[in-house]
Structure formats: C-alpha cells, structure tokens
Amino acid sequence: MQYNFKHYLFFLSLVFITFNCEAQFKDTSKWKALFALGINYPTTDGFVKGSYAQPVNFPTVNLGIQHMLTSHYGVKLDFGFNRFKNADDTPEFKINYSRINAQFVYDPTDYLGFIPTRMRLIAHAGPGVAFVKPLGTLGDNKQTFLNLNGGLEVHYAINEKVSVFTDVAYLYGVTSLEDYNPALTGLGAFNGSVFNLTFGLAVSLDGCRYCN
C-alpha cells in the first residue's frame, strides 16, 4: 500500500510540475528587448531604370523594445538598418536603408491549439519613416519617406527570460521615385519595398509576468 502511494504521489508531482512549466512558458513578459540579424531583398521597382540590387543582401539589423498591454495585444518601437548593393550587371552603388517604426503587436498563440508549449507566434504591423542614403559620390540622391512594416515572428522559449526567434517582414515604401533624366543621374536612389528575414533574441526586461 505504501509502495503504491509513493508512486501515486510521484505521478501527481510530475503532472503538477509539467503543467506549471507550461503555464509559465505561455505567459507573456510585459517588456522585452529584441535583437535580430539577417538578410534583405529590395524590390527592383524601387530603383531607377537600368539598376537593381542583389537578390540577397547583408546585413539587416533590427533592434526593438516591446510592451504587452494584455497577454495578446501590445506595441513595440523598433529601429532597423539594411545595407544593399548593386547586382553584378548594373552600375555600382551601395545604399544604407534605415527605418524607425511604431507597431501594433498581436499574439494569437493561445487560440491555436497545435502550437507547442515553448513556441509563440507574434504578428506585427505599423507605420514608420525610412531614410535612404546612397554611399560615396551618390549622396545627393538620398531620400526620406513613410513606410509600412508588417511581419510574423516565431519565438521559441529557451527559458522564462530568453527566447530565440525568426522574423519575416515586409517594408512597403509609401512614396514614388523622382524622375531622373537621364536615369543614370538617379543611381543609388531607392523608394521601393524591402523583404527582411532575421534571426534573433528576445529578452524579458521585467521580473514579473503578465497575467489577465
């Protein structure tokens, strides 16, 4: 009888620990710092005629701070930096594309029963300002314009404080390219859209967790 009781007690303890760990990983930190590094692809229609960038460019750097208002909704402010350069068969240029975006954050994970305990899906979208600066002698073709950022992050919790994530994002340029005559005088100008693929860390900045 005592032997069976010990096994029963051990089983209950194991179940309790398992559910307690799952509950902890499903909670969302109120404040998080986000650090990510990756690659980018600028769309060809954002350049003057006869020039375009490589299909894969490095680096893309994203830095952000995120605040969850509830366990499902939040906001974040993030800064991004992209560098891209000309393709082999176009005139030579290098461009720095920087941005600042204020975004709405939505976490639907709790409504999706098939997501593993340690994983979370985070959708984000919001407006911002983009700063495009060609390097070298092309600096006169720099531009500033509005953009819209939308994307999806997949997070995997290493522990209660740190998770690794990947983010697939699309930056839409809300502007039109100036008319350059001849087109070569507009080399390095860019007002198009950018696809980003980044991998990074999300670090909790508060000791407590958000609970409804």
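Can you name every residue in region 29-70 that is within 14 Å of Ser204 (Cβ to Cβ) and small (Gly, Ala, Ser)?
Scanning region 29-70 gives Ser29, Ala33, Gly64.
Being within 11 Å of the chain's Cα centre (by Cα) and not aromatic (Phe, Trp, Tyr) is the filter; apply it to region 32-42 and report the residue that is surrounded by the fewest Cβ atoms within 10 Å (Cβ to Cβ).
Step by step, filter region 32-42, then rank; the result is Leu37.
Residues in region 74-84: is at least one among the aliphatic types (A, V, I, L, M) and touching a helix residue (DSSP H, G or I) at 6+ places or on another chain (Cβ under 9 Å)?
Checked against the condition, which is being among the aliphatic types (A, V, I, L, M) and touching a helix residue (DSSP H, G or I) at 6+ places or on another chain (Cβ under 9 Å), region 74-84 yields no hits at all.
Would you point out the residue of region 166-193, among those that are surrounded by 20 or more Cβ atoms within 10 Å (Cβ to Cβ) and farther than 14 Å from Thr43 by Cα, that is modelled with the highest pLDDT?
Asp167
Since Gly113 meets every condition but one in (1) in a strand (DSSP E or B); (2) farther than 15 Å from Ala189 by Cβ; (3) among the small types (Gly, Ala, Ser), which condition does it not meet?
Against the list (1) in a strand (DSSP E or B); (2) farther than 15 Å from Ala189 by Cβ; (3) among the small types (Gly, Ala, Ser), Gly113 comes up short only on (1).
Give the residue, chosen from Tyr172, Tyr180, that is free of Cβ contacts under 8 Å to residues at least 40 places away in the same chain and of a type in the set (Phe, Trp, Tyr).
Tyr172
Give me a count of the residues in region 123-152 that are farther than 17 Å from Thr43 by Cα, in contact with a Gly (Cβ under 9 Å, 6 or more places away or on another chain) and assigned to a strand (DSSP E or B).
5
Name the residue that is surrounded by the most Cβ atoms within 10 Å (Cβ to Cβ), counting only residues in region 43-100 that are among the polar types (S, T, N, Q) and assigned to a loop (DSSP other than H, G, I, E, B).
Ser51
So Lys133 clears everything in (1) out of contact with any strand residue (DSSP E or B) (no Cβ under 8 Å at 6 or more places or on another chain); (2) within 16 Å of Ala189 (Cα to Cα); (3) touching a residue at least 24 places away in the same chain (Cβ under 8 Å) except one condition, right? Which one?
That leaves (1) as the condition not met.
Every residue in region 155-190 that is touching a helix residue (DSSP H, G or I) at 6+ places or on another chain (Cβ under 8 Å) and part of a strand (DSSP E or B), please.
If the condition is that a residue be touching a helix residue (DSSP H, G or I) at 6+ places or on another chain (Cβ under 8 Å) and part of a strand (DSSP E or B), then Ala157, Gly173 are the ones that fit.
The values are calculated or read from the model by the stated rules, or taken from the named source; none is laboratory data. Predicted, not measured: the structure shown is a model, and the values here were computed from it. Don't worry about glycine lacking a Cβ; one is built from the backbone with ideal geometry, like all the others, and counts go over all protein chains shown.
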